[in-house]
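K.L.:
Attaching a single structure in structure tokens format; questions to follow.
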Amino acid sequence: MIVTPKIFLRMAVITILGVLLQLSFFSRIELFHTSPNMLPALVICLGVLGGTMTGAVTGFSIGLLVDCLLVGALGASSLVLLTTGYLAGLFRERFEIHSSLVVPLLCMGLTLFAELSFAVLQLTLGVEAPVSVLVVRDILLKAIFAFFLGWPIYVVVRRILRPALVEEPRVSRRRQPTVLGA
């Protein structure tokens with residue numbers, strides 16, 4: 001991804017709108033007594049489109065903004081989302097996206113990783129919270145919600161950042177006709 005001042009501004013607007021949308025809209029929705037968390041899916045989509053550096057920086061920025069708006073342990077969300085964005089960007093740099101299911105599955109898996117990491121980090125920091133089976137249910141449901149939110153978020157972010165994306169040309173391999181007996 002080529003980051004120019006205009007693209008940086010677009011990414012900043014995506015980041016701020018994503019955080020505000022999560023805190024004002026998605027946190028109020030309850031499906032199966034769990035509210036979806038779209039921020040890991042947003043960080044994963046930015047990491048898949050931009051690479052490790054873009055994923056890590058936007059993950060840290062989104063996490064820091066969330067930590068500042070929700071008065072809590074400063075840096076916990078930043079650390080988790082930084083790692084999640086870096087892993088998504090690493091996937092982009094190491095593997096090709098062959099199927100349209102790769103991004104939603106990646107959103108599901110890395111959201112599961114992010115939620116588990118955040119829970120472990122909160123317990124390590126000494127946040128007093130009851131731990132029960134319902135926490136595991138919430139984490140699994142958030143991962144499933146991320147699967148369904150992953151594709152629309154990816155399409156919208158890709159559309160907004162289209163001028164900055166560097167696409168590698170696809171090599172089409174045509175099969176040569178074979179002659180029987182040759």
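K.L.:
Of all chymotrypsin sites (Phe, Trp or Tyr not before Pro) in segment 56-161, which ones are in loop regions per DSSP and have a Cβ with at most 10 other Cβ atoms within 10 Å? Intermediate results must be reported in sequence, preceding the final value.
P.N.:
On the way: sites: Phe60, Tyr86, Phe91, Phe95, Phe113, Phe118, Phe145, Phe147, Phe148, Tyr154; in loops: Phe95.
When the chymotrypsin sites (Phe, Trp or Tyr not before Pro) of segment 56-161 are filtered for loop state and at most 10 Cβ neighbours within 10 Å, Phe95 remain.
K.L.:
Further question on the same structure: Hey, if you put +1 on the Cβ of every Lys and Arg and -1 on every Asp and Glu Cβ in the chain, which of Phe118, Ala41, Ile2 ends up farthest toward the positive end of that dipole?
P.N.:
Result: Ile2, furthest along the dipole toward the positive end.
K.L.:
Given the options Leu116, Leu31, Leu49, state which has the largest fluctuation in a GNM of the chain using a 10 Å cut-off (strictly under) for Cα springs.
P.N.:
Among Leu116, Leu31, Leu49, the largest mean-square fluctuation in the Gaussian network model of the chain belongs to Leu31.
K.L.:
Using the Karplus equation 6.51 cos²θ - 1.76 cosθ + 1.60 (θ = phi - 60°), what ³J(HN,Hα) coupling, rounded to whole Hz, does each residue of segment 105-113 give in order, writing x for Gly and Pro?
P.N.:
Computed from phi, the couplings for segment 105-113 are 5, 5, 4, 5, x, 6, 5, 4, 4 Hz.
K.L.:
At 1.4 Å probe size, with every protein chain present, just tell me what the per residue accessible area of the chain comes to in Å². Numbers along the way, then the final one.
P.N.:
Details: 11530 Å² over 182 residues.
Here the per-residue accessible area is 63 Å².
K.L.:
Using a Gaussian network for the chain with springs between C-alpha atoms less than 10 Å apart, which of these wobbles most: Ala12, Ala56, Ala143?
P.N.:
Judging by the Gaussian network model, the answer is Ala12.
K.L.:
In whole Hz and in residue order, list the ³J(HN,Hα) couplings for segment 95-102 that follow from phi through the Karplus curve 6.51 cos²θ - 1.76 cosθ + 1.60, θ = phi - 60°; x for Gly and Pro.
P.N.:
Rounded to whole hertz, the list is 10, 9, 8, 8, 10, 6, 8, 5.
K.L.:
In whole angstrom, how far apart do the alpha carbon centroids of segment 35-50 and segment 126-149 sit?
P.N.:
Measuring centre to centre over Cα atoms gives 17 Å.
K.L.:
Same structure again: Scan the chain and hand back the longest stretch that contains none of the trypsin sites (Lys or Arg not before Pro) lying in DSSP loops with at most 13 other Cβ atoms within 10 Å. Show your work: numbers first, answer last.
P.N.:
Numbers: sites that count: Arg28, Arg170, Arg173, Arg174, Arg175.
For trypsin sites (Lys or Arg not before Pro) (loop position, at most 13 other Cβ atoms within 10 Å), the longest site-free span of the chain is 29-169.
K.L.:
On a 0 to 90° scale, report how tilted helix 76-94 is relative to the longest principal axis of the chain, with both axes built from alpha carbons and the result rounded to the nearest 10.
P.N.:
Around 10 degrees separate the two axes.
K.L.:
Another question, if that's okay. Pick out, in residue order, every one of the GluC sites (Glu not before Pro) in segment 46-118 that is DSSP loop and has at most 14 other C-beta atoms within 10 Å; say none if there are none.
P.N.:
Values: sites: Glu93, Glu96, Glu115; in loops: Glu96.
For GluC sites (Glu not before Pro) across segment 46-118 that sit outside H, G, I, E and B with at most 14 neighbouring Cβ atoms in 10 Å, the list reads Glu96.
K.L.:
Same structure, new question: If you roll a 1.4 angstrom probe over the protein chains with everything in place, what fraction of the accessible area of the chain belongs to carbon and sulfur, to the nearest %?
P.N.:
Details: 7870 of 11530 Å².
Within the chain, the accessible surface is 68 percent carbon and sulfur.
K.L.:
What number, rounded to the nearest 500 deg cm²/dmol, is the helix-based mean residue ellipticity at 222 nm of the chain, given -39500 (n - 2.57) per DSSP H run of at least four residues and division by all its residues?
P.N.:
On the way: 6 runs with 117 residues, N = 182.
So the calculated ellipticity at 222 nm is -22000 deg cm²/dmol.
K.L.:
Using the Cα centre as the reference, give the magnitude of the dipole from point charges on the C-beta atoms of segment 42-162 (Lys, Arg: +1; Asp, Glu: -1; all else neutral), rounded to the nearest 20 debye.
P.N.:
Details: 7 positive and 6 negative charges, 86 e Å.
Using only the charged Cβ atoms, the result is roughly 420 debye.
The values are calculated or read from the model by the stated rules, or taken from the named source; none is laboratory data. Given the structure is predicted, the values throughout are model-derived calculations rather than measurements. Using ideal geometry, Cβ is built from the backbone for each residue, glycine included, and neighbour counts are taken over all protein chains shown. Side chains included, ligands, DNA and RNA excluded: accessible areas come from the protein's heavy atoms. Shrake-Rupley method; radii C 1.70, N 1.55, O 1.52, S 1.80 Å.
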